[in-house]
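Here's the structure we're looking at; comments come further down.
The values are calculated or read from the model by the stated rules, or taken from the named source; none is laboratory data. Quick caveat, the model's predicted, so the values are computed rather than measured. Note that each Cβ is placed from the backbone with ideal geometry, even for glycine, and that neighbours are counted across all protein chains shown. SASA here: full protein model, heavy atoms, side chains in, ligands and nucleic acids out. Shrake-Rupley method; radii C 1.70, N 1.55, O 1.52, S 1.80 Å.
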Amino acid sequence: MELTNTLPCASSCERNQGPILDQLNHLWPTGGHLLELGSGTGQHAAFITQHRPDILWQATEIAENLPITRQWFKASSQTNFLEPRLLDIDRLPWSYQPSYDAVYAANVVHFIAWTSVVNLLAGAYEALKPSGWLFFYGPYRYNQTFTSQGDAELDDWLKSQNALAGIKNIEEVHQAASHQGFEFINDLPMPANNRFLVFQKN
């Protein structure tokens, strides 16, 4: 895949896309149709579809960020990287039928308000086929406690940008997912104090 030097680039995506691909290879070897929430630059979509032709990847973003995601889509030669679509997770119901085998959100949950997390879970549940997978990547607190000083500083920065944002408590995420109808499957360690959470639609 040839990319120009003018593409927007998130350094965090460059660092974590390999470990995320490793987890998807292990957890979801059969692939299928995936809906990504908050695709950002589109780097994960471009990278993972290059290595996993069995995953049909639907990137989505809010209106103000969608042009950035589309730059990486246009630079990619992967036919399984589908044209990014508009999606605001707070505008329920989403205009997506229950046709996805997996929903994926990397570095989304801590950037949004708790009410948006609940909306995300509700929308994802409706978008997934029976027994579909839900994958979350990012940092979490355990028993109200940050796992590193870096996470505490990140939480302060997030709240300075949006008072309702911040690193969420893992116990509350589990409870909200269960209430929506998801079964918790795994909580896997990732680089830089991040986690890879796995849920399945009941």
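Have a look at L82, L35, L24 and point out the one that is under 24 Å from V198 (Cα atoms), out of contact with any Gly (no Cβ under 9 Å at 6 or more places or on another chain) and in contact (Cβ under 8 Å) with a residue 60 or more places away in the chain. Let's see the steps before the verdict.
Numbers: L82 fails: in contact (Cβ under 8 Å) with a residue 60 or more places away in the chain; L24 fails: out of contact with any Gly (no Cβ under 9 Å at 6 or more places or on another chain).
Exactly one of L82, L35, L24 is under 24 Å from V198 (Cα atoms), out of contact with any Gly (no Cβ under 9 Å at 6 or more places or on another chain) and in contact (Cβ under 8 Å) with a residue 60 or more places away in the chain, namely L35.
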Is it the case that Q50 is at pLDDT 95 or above, farther than 19 Å from P139 by Cβ, open to solvent by 70 Å² or more (accessible area, probe 1.4 Å) and not in a loop (DSSP other than H, G, I, E, B)? yes
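Are any residues in the range 132-151 assigned to a loop (DSSP other than H, G, I, E, B) and surrounded by fewer than 22 Cβ atoms within 10 Å (Cβ to Cβ), and if so, which ones?
Let us first name the residues in the range 132-151 that are assigned to a loop (DSSP other than H, G, I, E, B), namely 139-140, 143-144, 146-148.
Within the range 132-151, N143, Q144, F146, T147, S148 qualify.
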For the range 94-130, how many residues meet the condition of being modelled with pLDDT of 95 or more and open to solvent by 70 Å² or more (accessible area, probe 1.4 Å)? 6
Identify, from the list E83, E36, E64, the residue that is under 18 Å from L7 (Cα atoms) and in contact with a helix residue (DSSP H, G or I) (Cβ under 7 Å, 6 or more places away or on another chain). E83
Only one of (1) within 26 Å of V173 (Cα to Cα); (2) surrounded by fewer than 14 Cβ atoms within 10 Å (Cβ to Cβ); (3) at pLDDT below 95; (4) not hydroxyl-bearing (S, T, Y) is not met by Q17, so which one is it? (2)
Would you confirm, using the coordinates I've provided, whether S178 is hydroxyl-bearing (S, T, Y) and modelled with pLDDT of 95 or more? yes
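For Q50, state whether it is more than 25 Å from A113 (Cβ to Cβ) and touching a residue at least 40 places away in the same chain (Cβ under 8 Å).
For Q50, the condition - more than 25 Å from A113 (Cβ to Cβ) and touching a residue at least 40 places away in the same chain (Cβ under 8 Å) - is met.
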Filtering the range 66-79 down to residues that are touching a Gly at 6+ places or on another chain (Cβ under 8 Å) and open to solvent by 30 Å² or more (accessible area, probe 1.4 Å) yields I68, R70, Q71, F73
Does any residue in the range 110-134 that is closer than 16 Å to L158 by Cα and free of Cβ contacts under 8 Å to residues at least 12 places away in the same chain come within less than 8 Å, Cβ to Cβ, of a residue that is open to solvent by less than 10 Å² (accessible area, probe 1.4 Å) and assigned to a helix (DSSP H, G or I) six or more places away or on a different chain, and which pairs are these? none
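Return the residues of the range 167-187 that are assigned to a helix (DSSP H, G or I) and buried (at least 17 other Cβ atoms within 10 Å of the Cβ); say none if nothing qualifies. Explain how you work it out, then say what you get.
First pass over the range 167-187, keeping only residues assigned to a helix (DSSP H, G or I): 170-180.
Passing the criteria: I170, V173, A176, A177, Q180.
In the set L164, L154, which member is over 21 Å from E61 (Cα atoms) and either modelled with pLDDT under 95 or open to solvent by 10 Å² or more (accessible area, probe 1.4 Å) (or both)?
Answer to the selection: L154.
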